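S.K.: Have a look at the structure that comes next, please.
The values are calculated or read from the model by the stated rules, or taken from the named source; none is laboratory data. Just so it is clear, the structure is predicted and the values come from calculations on it, not from any experiment. Neighbour counts are summed over all protein chains in view; Cβ atoms, including those assigned to glycine, are modelled from backbone coordinates with ideal geometry.
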Amino acid sequence: MSERDLTMAEALNEALHGEMERDSGVFVVGEDIAQIGGLFQVTAGLLERFGPQRVIDAPISEAGQVGAGVGAALVGCRPVVELQIADFVTLTMDQVVNHAAKWRYMSGGKVTVPFVLRGAVSSGIGMAGQHSQTLEAWFVHAPGLVVIMPSTPYDAKGLLTAAIRDDNPVVFLEKRLLYSRRGPVPEGDYTVPIGVADIKREGSDVTVACYAQGVQLALQAGRQLAEQGIELEVVDLRTLKPLDIETLGDSVRKTGRLVVVSEGARAGGVASEVVARIVDEAYDSLRAAPVRVTAKDTPIPYAAQLERAVMPQVDDLVAAVTGMLEGVPGA
Amino acid sequence: MVPAPVADAATLEELLLRMWRIRAFEIRAMELFEEKLIRGSVHPYIGMEAIAVGVCAALRPDDFITSTHRGHGHCVAKGLDLRRMMAEIIGREDGYCRGRGGSMHITAIEQGMLGADAIVAGSSALAVGAAHGLRLQGRDSVVVCFFGDGAANQGILHEACNLAAVLSAQVIFVCENNEWAISTPASASTRVPNIAVRAAGYGFPGVVADGNDVVEMRAVTEEALARARAGDGPTLIEAKSYRITAHSAATKIDLRPVEELDAWRARDPILQLSGKLVESGVAEARIVEIETQARADVDAAVEFALASPRPDPGTATEDVYAPADWNVLERLS
């Protein structure tokens with residue numbers, strides 16, 4: 001397989017092309033996804049190749065689209081529904097939580113719901129309170145869902161391919177600021193396994209558990225801190241449910257320190273869950289109290305200065321790591 | 001116009017038997033609830049049997065339905081096994097959902113039952129998507145979505161109807177207008193006398209039918225099926241009926257006027273069909289025989305259900321996820 005540099009949007013587009021080619025039961029539904037290929041071009045070219053029955057510009061009815069996806073999955077298709085902005089999932093929660101997530105369990109394990117819900121997480125660009133939320137914790141909390149948030153083009157293509165092939169409902173959240181980032185992506189077919197974290201940077205001093213945009217923060221912080229002789233180990237969780245507690249636990253057992261980065265709100269968030277899991281898994285290895293670097297518990301404000309104040313920044317992570325190493329609790 | 005429905009006596013007897021099976025099933029289920037063998041609640045379909053039986057009599061085995069919290073009638077009409085239904089409702093391992101679903105979630109996709117849905121109007125979009133999926137698979141199977149008058153005011157139903165229209169989906173929306181949400185009459189919930197008129201807003205036909213007339217229900221369904229299979233899109237059928245029992249076996253307060261209830265009791269769909277059969281020369285004894293057979297079928301179902309093992313508590317965490325490489329408990333919680 002030869003590799004080229006692609007953007008994450010192009011990588012996701014390749015995954016959709018590949019799976020639609022491979023399986024006639026795969027189809028995509030969303031707003032403005034067919035004729036213009038989606039606001040972020042993730043579905044570009046699909047209409048021309050696969051036609052309007054499989055590439056559907058849907059009415060602005062997010063709950064209807066998601067419910068339809070679940071129904072199609074029940075009869076054996078593999079629908080992929082795109083939420084133009086991930087926040088619109090609020091309109092679909094009954095279909096996601098009461099239908100997609102639990103139809104299998106309520107049926108006594110007889111049915112499968114191979115369904116992917118993609119959404120663009122749009123914080124960091126001034127889209128304000130109703131277009132900037134990072135809501136993955138809601139889905140981690142709903143038994144029956146798989147939750148994936150990729151950070152690189154390579155992972156995005158491989159994980160979306162795996163998500164479409166999986167027999168479970170998957171919430172696949174894509175950070176919009178990452179769509180234009182480039183990285184090496186193999187041509188053709190490959191999967192990145194669900195539930196397997198990836199160490200994006202090796203280091204011995206502090207483990208940083210992160211995902212999506214948080215990985216960028218962690219890598220930048222890692223470069224800065226390396227100049228001071230502090231080596232971060234950056235563990236990209238990639239999948240939030242299931243969580244690769246083995247890889248993360250091994251890293252924490254090595255470093256003895258954990259910082260978790262999440263762009264979601266702090267209370268009841270994924271960072272809190274990861275800390276709790278590590279306390280269960282590797283308490284005896286911890287040399288300092290784990291620290292969360294998260295968004296503040298506010299709606300996302302519009303003005304740039306305010307949004308930066310609310311969202312976790314590289315400086316916040318650097319301060320958390322140095323504070324931890326200096327023995328300042330919770331810094 | 002719907003052609004004058006005709007049916008021979010043998011067919012009518014079969015329809016009566018199916019209606020009696022539903023009635024007998026619900027009567028027993030209410031008793032079992034009182035005996036505390038059924039947990040939660042039971043939402044009887046008594047008085048509405050002609051709708052499900054008429055609609056499902058028109059379907060092919062490879063057609064699908066979605067159902068509601070008041071779903072036992074749909075399941076029986078679609079041909080599900082009374083024994084496995086009863087085992088599910090009692091919470092036993094031989095139930096359709098191995099005791100995981102209960103009364104409001106019976107699912108049997110192999111028999112065209114996509115699932116009962118206890119969220120009012122919740123399954124409407126599922127029906128549309130299932131229909132679209134069937135079309136992609138090159139099948140002309142149709143999906144019938146049953147819902148009530150209460151569901152008619154839910155947002156998801158609006159989205160589903162519109163989506164079905166733009167996709168020309170092979171769906172039939174069957175609104176079972178039984179006049180009452182738990183304590184709120186339909187007249188207090190909408191300003192249109194017929195919910196069927198709403199179909200015009202989506203650009204597909206809406207028809208009003210007598211939901212207590214099984215033959216008429218079958219006939220209007222046949223017409224809607226032909227439309228759907230031809231690729232001409234959905235139909236909304238509003239079946240006017242009434243639930244003779246209270247909202248559920250657990251309902252404590254029932255606001256419905258006695259006169260209204262009595263008027264509908266006089267129009268009981270089973271009484272009407274029995275009368276029609278007797279008029280056409282079927283012996284009264286044969287009618288009694290049909291009822292007796294239905295009650296015996298239900299008794300056998302109860303016997304089967306009570307003999308079925310209780311689920312092993314150790315299996316409670318199984319089947320949250322479909323099999324996958326990553327599906328190991330340690331990674332999930």
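S.K.: Say whether the condition of being part of a strand (DSSP E or B) and more than 8 Å from every other protein chain (Cβ to nearest Cβ) is met by at least one residue in the stretch A:63-78.
M.R.: Narrowing the stretch A:63-78 to residues part of a strand (DSSP E or B): A:78.
After this cut, where a residue has to be more than 8 Å from every other protein chain (Cβ to nearest Cβ) as well, the list is A:78.
Yes; the residues of the stretch A:63-78 include at least one that is part of a strand (DSSP E or B) and more than 8 Å from every other protein chain (Cβ to nearest Cβ).
S.K.: Still on this structure, I have one more. Taking the stretch A:103-136, which residues are within 14 Å of another protein chain (Cβ to nearest Cβ), over 23 Å from A:LEU159 (Cβ atoms) and in a loop (DSSP other than H, G, I, E, B)?
M.R.: If the condition is that a residue be within 14 Å of another protein chain (Cβ to nearest Cβ), over 23 Å from A:LEU159 (Cβ atoms) and in a loop (DSSP other than H, G, I, E, B), then A:SER107, A:GLY108, A:GLY109, A:LYS110, A:VAL111 are the ones that fit.
S.K.: Now a separate question. Look through A:VAL81, A:VAL89 and report the one residue that is within 13 Å of chain B (Cβ to nearest Cβ), of a type in the set (A, V, I, L, M) and either within 22 Å of B:GLN137 (Cα to Cα) or surrounded by fewer than 24 Cβ atoms within 10 Å (Cβ to Cβ) (or both).
M.R.: Details: A:VAL89 fails: within 13 Å of chain B (Cβ to nearest Cβ).
The conditions single out A:VAL81.
S.K.: Let me ask something additional. Can you spot a residue in the stretch B:119-129 that is crowded, with 24+ Cβ neighbours inside 10 Å and more than 9 Å from chain A (Cβ to nearest Cβ)? Quick ask: steps written out before the conclusion?
M.R.: Here is the first cut: in the stretch B:119-129, the residues crowded, with 24+ Cβ neighbours inside 10 Å are B:121-129.
Subset that is more than 9 Å from chain A (Cβ to nearest Cβ): B:121.
Yes, the stretch B:119-129 contains at least one residue that is crowded, with 24+ Cβ neighbours inside 10 Å and more than 9 Å from chain A (Cβ to nearest Cβ).
S.K.: Determine if the stretch B:319-328 includes at least one residue that is in a loop (DSSP other than H, G, I, E, B), in contact (Cβ under 8 Å) with a residue 12 or more places away in the chain and within 14 Å of another protein chain (Cβ to nearest Cβ). Can you show your working first?
M.R.: Our first condition is that a residue be in a loop (DSSP other than H, G, I, E, B); within the stretch B:319-328, this holds for B:319-328.
Now restrict to residues that are in contact (Cβ under 8 Å) with a residue 12 or more places away in the chain: B:319-320.
Applying the additional criterion that residues be within 14 Å of another protein chain (Cβ to nearest Cβ) yields B:319-320.
Yes - at least one qualifying residue is present in the stretch B:319-328.
S.K.: Okay, next question. When A:GLU227 is evaluated against the numbered criteria (1) touching a helix residue (DSSP H, G or I) at 6+ places or on another chain (Cβ under 8 Å); (2) outside the structural domain of A:VAL121 (by TED's automatic domain parsing), which criterion, by number, is the only one it fails?
M.R.: (1)
S.K.: Condition check: touching a residue at least 40 places away in the same chain (Cβ under 8 Å) and either buried (at least 24 other Cβ atoms within 10 Å of the Cβ) or more than 11 Å from every other protein chain (Cβ to nearest Cβ) (or both). Does A:THR247 satisfy that? Talk me through it step by step, then tell me what you get.
M.R.: Values: touching a residue at least 40 places away in the same chain (Cβ under 8 Å): yes; either buried (at least 24 other Cβ atoms within 10 Å of the Cβ) or more than 11 Å from every other protein chain (Cβ to nearest Cβ) (or both): no.
Criteria not met by A:THR247.
S.K.: Mind checking whether some residue in the stretch B:303-317 is under 30 Å from A:VAL274 (Cβ atoms), part of a loop (DSSP other than H, G, I, E, B) and either in contact with a strand residue (DSSP E or B) (Cβ under 7 Å, 6 or more places away or on another chain) or within 14 Å of another protein chain (Cβ to nearest Cβ) (or both)?
M.R.: The initial filter retains those residues of the stretch B:303-317 that are under 30 Å from A:VAL274 (Cβ atoms), namely B:313-317.
Right, trim to part of a loop (DSSP other than H, G, I, E, B) and you get B:316-317.
Of the ones still in play, those that are also either in contact with a strand residue (DSSP E or B) (Cβ under 7 Å, 6 or more places away or on another chain) or within 14 Å of another protein chain (Cβ to nearest Cβ) (or both) are B:316-317.
Looking for residues that are under 30 Å from A:VAL274 (Cβ atoms), part of a loop (DSSP other than H, G, I, E, B) and either in contact with a strand residue (DSSP E or B) (Cβ under 7 Å, 6 or more places away or on another chain) or within 14 Å of another protein chain (Cβ to nearest Cβ) (or both), one finds at least one in the stretch B:303-317, hence yes.
A quick yes/no check of all residues on (1) at pLDDT 95 or above; (2) not in a helix (DSSP H, G or I):
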{"position": "B:ALA152", "(1), (2)": "yes, no"}
{"position": "B:HIS158", "(1), (2)": "yes, no"}
{"position": "B:ALA169", "(1), (2)": "yes, yes"}
{"position": "B:VAL174", "(1), (2)": "yes, yes"}
{"position": "B:SER183", "(1), (2)": "no, yes"}
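S.K.: For B:SER183, are the conditions met, namely being on the phi < 0 side of the Ramachandran plot and out of contact with any Phe, Trp or Tyr (no Cβ under 7 Å at 6 or more places or on another chain)? Give the derivation first.
M.R.: Details: on the phi < 0 side of the Ramachandran plot: yes; out of contact with any Phe, Trp or Tyr (no Cβ under 7 Å at 6 or more places or on another chain): yes.
Yes; evaluated as a whole, the condition is true for this residue.
S.K.: Consider B:ASP149 carefully, then state whether it is more than 7 Å from chain A (Cβ to nearest Cβ) and over 16 Å from A:GLY109 (Cα atoms).
M.R.: On the way: more than 7 Å from chain A (Cβ to nearest Cβ): yes; over 16 Å from A:GLY109 (Cα atoms): yes.
When the stated conditions are applied, B:ASP149 passes them.
S.K.: Moving on. Could you check, for the stretch A:93-102, whether at least one of its residues is within 19 Å of A:VAL147 (Cα to Cα), away from chain B (no Cβ under 14 Å) and buried (at least 20 other Cβ atoms within 10 Å of the Cβ)? Spell out how you get there, then give the answer.
M.R.: Kept after step one, since they are within 19 Å of A:VAL147 (Cα to Cα), are these residues of the stretch A:93-102: A:93-102.
Add one more test, that the residue is away from chain B (no Cβ under 14 Å), and what stays is none.
Looking through the stretch A:93-102, none of the residues is within 19 Å of A:VAL147 (Cα to Cα), away from chain B (no Cβ under 14 Å) and buried (at least 20 other Cβ atoms within 10 Å of the Cβ).
S.K.: List every residue pair whose Cβ atoms sit under 6 Å apart, with the two residues 6 or more apart in sequence or on different chains, where the first one lies in the stretch A:95-119 and is on the phi > 0 side of the Ramachandran plot and the second, anywhere, is outside any helix (DSSP H, G or I) and not aliphatic (A, V, I, L, M).
M.R.: Sorted first by the residue in the stretch A:95-119, then by its partner, the pairs are A:GLY108/B:CYS97; A:GLY108/B:ARG98; A:GLY108/B:ARG100; A:GLY109/B:ASP319.
S.K.: Here's another thing I want to ask about it. How many residues are over 22 Å from B:CYS56 (Cα atoms) and part of a helix (DSSP H, G or I) when one looks only at the stretch B:90-113?
M.R.: Number satisfying all stated conditions: 1.
S.K.: Taking the stretch A:142-193 only, how many residues are basic (Lys, Arg) and either assigned to a strand (DSSP E or B) or under 19 Å from A:ILE85 (Cα atoms) (or both)? I'd like the intermediate steps shown before the answer.
M.R.: Of the stretch A:142-193, the ones basic (Lys, Arg) are A:157, A:165, A:175-176, A:181-182.
Narrowing the set further to residues that are either assigned to a strand (DSSP E or B) or under 19 Å from A:ILE85 (Cα atoms) (or both) leaves A:175-176, A:181-182.
Matching residues across the stretch A:142-193 total 4.
S.K.: I want to confirm something. Restricting to the stretch A:226-241 and keeping residues that are within 10 Å of the chain's Cα centre (by Cα) and assigned to a loop (DSSP other than H, G, I, E, B), which single residue is farthest from A:VAL318 (Cα to Cα)?
M.R.: Looking at the filtered set, the residue picked out is A:ARG238.
S.K.: Based on what the data block shows, is B:GLY281 away from chain A (no Cβ under 14 Å), in contact (Cβ under 8 Å) with a residue 40 or more places away in the chain and over 28 Å from the mean Cα position of the chain (by Cα)? Show your work before the answer.
M.R.: Numbers: away from chain A (no Cβ under 14 Å): yes; in contact (Cβ under 8 Å) with a residue 40 or more places away in the chain: yes; over 28 Å from the mean Cα position of the chain (by Cα): yes.
Yes, satisfied.
S.K.: Could you tell me whether A:GLU187 is among the acidic types (Asp, Glu), surrounded by fewer than 23 Cβ atoms within 10 Å (Cβ to Cβ), over 19 Å from A:TYR105 (Cβ atoms) and more than 14 Å from chain B (Cβ to nearest Cβ)? Before the answer, list the steps.
M.R.: On the way: among the acidic types (Asp, Glu): yes; surrounded by fewer than 23 Cβ atoms within 10 Å (Cβ to Cβ): yes; over 19 Å from A:TYR105 (Cβ atoms): yes; more than 14 Å from chain B (Cβ to nearest Cβ): yes.
Yes; evaluated as a whole, the condition is true for this residue.
S.K.: Tell me whether the stretch B:237-251 contains one or more residues that are in a loop (DSSP other than H, G, I, E, B), free of Cβ contacts under 8 Å to residues at least 60 places away in the same chain and surrounded by 13 or more Cβ atoms within 10 Å (Cβ to Cβ). Spell out the reasoning first.
M.R.: Step one: filter the stretch B:237-251 for residues in a loop (DSSP other than H, G, I, E, B), giving B:241-251.
So of that shortlist, the ones also free of Cβ contacts under 8 Å to residues at least 60 places away in the same chain come out as B:246.
The next check asks that each one be surrounded by 13 or more Cβ atoms within 10 Å (Cβ to Cβ); those that pass are B:246.
Yes, the stretch B:237-251 contains at least one residue that is in a loop (DSSP other than H, G, I, E, B), free of Cβ contacts under 8 Å to residues at least 60 places away in the same chain and surrounded by 13 or more Cβ atoms within 10 Å (Cβ to Cβ).
S.K.: I've got another one for you. Taking B:SER280 as the residue in question, decide whether it is farther than 22 Å from B:VAL42 by Cα and of a type in the set (Ser, Thr, Tyr). Write out each step before concluding.
M.R.: Working: farther than 22 Å from B:VAL42 by Cα: yes; of a type in the set (Ser, Thr, Tyr): yes.
Against the criterion (farther than 22 Å from B:VAL42 by Cα and of a type in the set (Ser, Thr, Tyr)), B:SER280 qualifies.
S.K.: Of all residues in the stretch B:20-49, count the ones that are out of contact with any Leu (no Cβ under 7 Å at 6 or more places or on another chain) and either surrounded by 24 or more Cβ atoms within 10 Å (Cβ to Cβ) or closer than 20 Å to B:ASN177 by Cα (or both). Don't jump to the end; show me each part of the working.
M.R.: Narrowing the stretch B:20-49 to residues out of contact with any Leu (no Cβ under 7 Å at 6 or more places or on another chain): B:20, B:22-24, B:26-37, B:39-49.
From the residues that got through so far, the ones that are either surrounded by 24 or more Cβ atoms within 10 Å (Cβ to Cβ) or closer than 20 Å to B:ASN177 by Cα (or both) too are B:20, B:22-23, B:26, B:29, B:42-49.
Residues flagged as out of contact with any Leu (no Cβ under 7 Å at 6 or more places or on another chain) and either surrounded by 24 or more Cβ atoms within 10 Å (Cβ to Cβ) or closer than 20 Å to B:ASN177 by Cα (or both) within the stretch B:20-49 amount to 13.
S.K.: Show the residue pairs that are 6+ apart or on different chains and have beta-carbon atoms under 7 Å apart, the first residue being within the stretch A:306-321 and closer than 14 Å to A:LEU232 by Cα, the second being at pLDDT below 95.
M.R.: Note: pairs meeting the criteria are A:ALA319/A:ALA331; A:ALA320/A:ALA331.
S.K.: Can you find a residue that is farther than 16 Å from B:ALA152 by Cβ, of a type in the set (A, V, I, L, M) and crowded, with 20+ Cβ neighbours inside 10 Å anywhere in the stretch B:225-232? Before you say what the answer is, go through the steps one by one.
M.R.: Filtering the stretch B:225-232 down to residues farther than 16 Å from B:ALA152 by Cβ leaves B:225-232.
Restricting the remaining residues to those that are of a type in the set (A, V, I, L, M) gives B:225-226, B:228, B:230.
Going one step further and asking which of them are crowded, with 20+ Cβ neighbours inside 10 Å, we end up with B:225, B:228.
Yes, the stretch B:225-232 has at least one match.
S.K.: Report, by residue number, each residue of the stretch A:2-12 that is out of contact with any helix residue (DSSP H, G or I) (no Cβ under 8 Å at 6 or more places or on another chain) and not in a strand (DSSP E or B).
M.R.: Once the filter is applied, which keeps residues that are out of contact with any helix residue (DSSP H, G or I) (no Cβ under 8 Å at 6 or more places or on another chain) and not in a strand (DSSP E or B), the stretch A:2-12 yields A:SER2, A:ALA9.
S.K.: Shifting gears a bit: When you check B:ALA160 against the structure, is it of a type outside the set (S, T, N, Q), out of contact with any Lys or Arg (no Cβ under 9 Å at 6 or more places or on another chain) and surrounded by fewer than 19 Cβ atoms within 10 Å (Cβ to Cβ), yes or no? Before the answer, list the steps.
M.R.: On the way: of a type outside the set (S, T, N, Q): yes; out of contact with any Lys or Arg (no Cβ under 9 Å at 6 or more places or on another chain): yes; surrounded by fewer than 19 Cβ atoms within 10 Å (Cβ to Cβ): no.
No; evaluated as a whole, the condition is false for this residue.
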